[in-house]
Amino acid sequence: MWPFTPKWKSKNVDRRLKAVKKLNPHNPINQKILIGIAKDDDDWHVRLAVVEKLTDQTVLFNLAVSDKESAVRILAVTKLTEMRVLIEFAKNNKDSDVRKAAVEKLGDQSLLSYIAKNDENSGVRSAAVQKLIDQNILNDIAKNDDSSYLRWVAVRKLNDNNVLYDIAKNDKEYYVRKEAYEKLGLVNAQEALADDALNHDRSDVRKRQVEKLTDPSLLASVAKISKDIDIRKIASSKLFEASLSLTDLSLKTTILIQLFIGDDYFDINKDKTKIAKELKLLIRQKLLSRNDKAKILQLQGRSISKHSDSTLDPHCFTSHIDSGGEYLYF
């Protein structure tokens, strides 16, 4: 009669795996069996199942250092309990996934800060930032780190509204600014809407956000620098409408001139004629500063449209038609 062979020694991997899963890890005898399997089994799935049940820190350490399979090394690290050992893995192990697993068990803020700023792998650095709670360290990373992704991760953990607002206004990356606005609860603030109108990757969102804009200075910025011609057209049209109610005549003059001399965002025959009419009214009111009046007068001879329009003729304006179209004269 053949001697009895334990199922965890079966030549069939699935049988060995099932046998390991059935072993009670709280039984000291089973722990010895598990240690033997961890050392001898050539299938990493079986060894991984063993690590789930192992408690011996020396064996776990050896597996974390030298097992051929990364998944086994990573799981072994997560079961280590001695902080000195975890720190060594977090700082010096060659496998970035193993370092990350060790970092996720750390709590020392200065060490986490060091790893967040110095590890060569972004995943390890991100794991370190995720474990940070020190707001001063998070502020520094959110404002100054070279990695936009790390800044974004840090922003998600910030509590200082002043720092968040500074980042929302000034970070170089759109998605970092957007996260700051969301943390502040200001996703519908005019600055956030303008940022979306300029930078969101979906055209329907850009259009929806620019439609919500009312701030003249932000509309002017979108009208001037957007790479999307449809967005520039919408912003320009809204900017003109917004300018009509401005009491700051200097700002109103600046906006109207920008729209008048800008690219053809408007219907040439209709909208630029409206702008010219508003400029005429400003001159008539005699409330402009000398400088603003001079800016308008400098438009003398600039093209309005390709067709004559009787609204441009009285008093301050005269129409001049030649082969190039209609030109504005004061």
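Rule-based calculations on the coordinates, nothing more; no lab input. As the structure is a computational prediction, the values presented were derived from the model and not from experiment. Positions of Cβ are backbone-derived with ideal geometry, glycine not excepted, and every protein chain shown enters the neighbour counts.
Please provide three numbers in whole Å: the alpha-carbon extents of the range 1-81 along the principal axes, with the largest listed first.
45, 25, 16
Measure nothing fancy, just the Cα-based angle from helix 57-66's long axis to the longest principal axis of the chain, in degrees from 0 to 90, nearest 10.
60 degrees
Taking springs between alpha-carbon atoms closer than 10 angstrom, which of 259, 23, 218 fluctuates most in the Gaussian network model of the chain?
Comparing 259, 23, 218 in the GNM, the peak value goes to 23.
For Rg and Dmax of the Cα atoms in Å, the listed values are [x] 34.2, 121; [y] 26.3, 85; [z] 43.9, 132; which was obtained by calculation from the structure presented?
The value computed from this structure is option [x].
Please list, by residue number, every one of the GluC sites (Glu not before Pro) in the range 19-111 that is coil in DSSP and has at most 11 other beta-carbon atoms within 10 Å.
Sparse-neighbourhood loop GluC sites (Glu not before Pro): 82.
Can you give the net charge of the other residues whose Cβ lies under 14 Å from the Cβ of residue 146, counting K and R as +1 and D and E as -1?
Its environment carries a net charge of -1.
Which of the pairs 143/207; 233/272; 224/293; 117/157; 233/295 have their Cα atoms more than 18 Å apart in this structure?
In this structure, 143/207; 224/293; 233/295 lie more than 18 Å apart at Cα.
Relative contact order, percent, of the chain when contacts are C-alpha pairs under 8 Å separated by at least 6 residues?
6 percent
Treat every Asp and Glu Cβ in the range 1-81 as -1 and every Lys and Arg Cβ as +1, leave all other atoms uncharged, and give the resulting dipole magnitude about the Cα centre to the nearest 20 debye.
Dipole size: approximately 300 debye.
Under 20 Å Cα-Cα from residue 280, which aspartates and glutamates qualify once same-chain neighbours fewer than 8 residues away are excluded?
Cross-link targets: 241, 248, 267, 271, 292, 309, 313, 326.
Work from the charge dipole of the chain (Cβ charges, +1 for Lys and Arg, -1 for Asp and Glu, about the Cα centre) and give the residue of 148, 273, 106 farthest towards its positive end.
Going by the charge dipole, the pick is 106.
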